[in-house]
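Working notes, structure below.
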């Protein structure tokens, strides 16, 4: 993703934010589907959630981005990034979980 959306040293890390938001959207949909639609093996949720999507998201890169922004003297940009990322991923996780739940209810009705 960094090749498609490279981040300049003084720029906002949009590629990392996009990956983390999309991964959390997938997590919201997946967790509802696994717990409410499919009843699979008890290890399916940690395998797909923590394993696959945990490997897809880049929260370690998030920490490195924050460190890089602060180190380059962009403390305000780092603060915006630190505050906006958890808010954005929580909103998108909740939203996709809610939408997935509605789709499941509509489909089974």
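Looking for something in a loop (DSSP other than H, G, I, E, B) and either surrounded by fewer than 14 Cβ atoms within 10 Å (Cβ to Cβ) or in contact with a helix residue (DSSP H, G or I) (Cβ under 9 Å, 6 or more places away or on another chain) (or both) - is there at least one such residue anywhere in region 21-37? Even if it seems obvious, please write down each step before you answer.
Of region 21-37, the ones in a loop (DSSP other than H, G, I, E, B) are none.
Within region 21-37, not a single residue is in a loop (DSSP other than H, G, I, E, B) and either surrounded by fewer than 14 Cβ atoms within 10 Å (Cβ to Cβ) or in contact with a helix residue (DSSP H, G or I) (Cβ under 9 Å, 6 or more places away or on another chain) (or both).
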> Of the residues that sit in region 70-109 and are outside any helix (DSSP H, G or I) and touching a residue at least 60 places away in the same chain (Cβ under 8 Å), which one is surrounded by the most Cβ atoms within 10 Å (Cβ to Cβ)?
Replying inline: 74
> Would you pick out the residues in region 24-47 that are modelled with pLDDT of 85 or more and over 16 Å from residue 1 (Cβ atoms)?
Replying inline: 27, 28, 29, 30, 31, 32, 33, 34, 47
>> Can you find a residue that is under 16 Å from the mean Cα position of the chain (by Cα) and not in a helix (DSSP H, G or I) anywhere in region 48-60?
In response: yes
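The values are calculated or read from the model by the stated rules, or taken from the named source; none is laboratory data. Just so it is clear, the model here is predicted, and its values are computed rather than measured. Don't worry about glycine lacking a Cβ; one is built from the backbone with ideal geometry, like all the others, and counts go over all protein chains shown.
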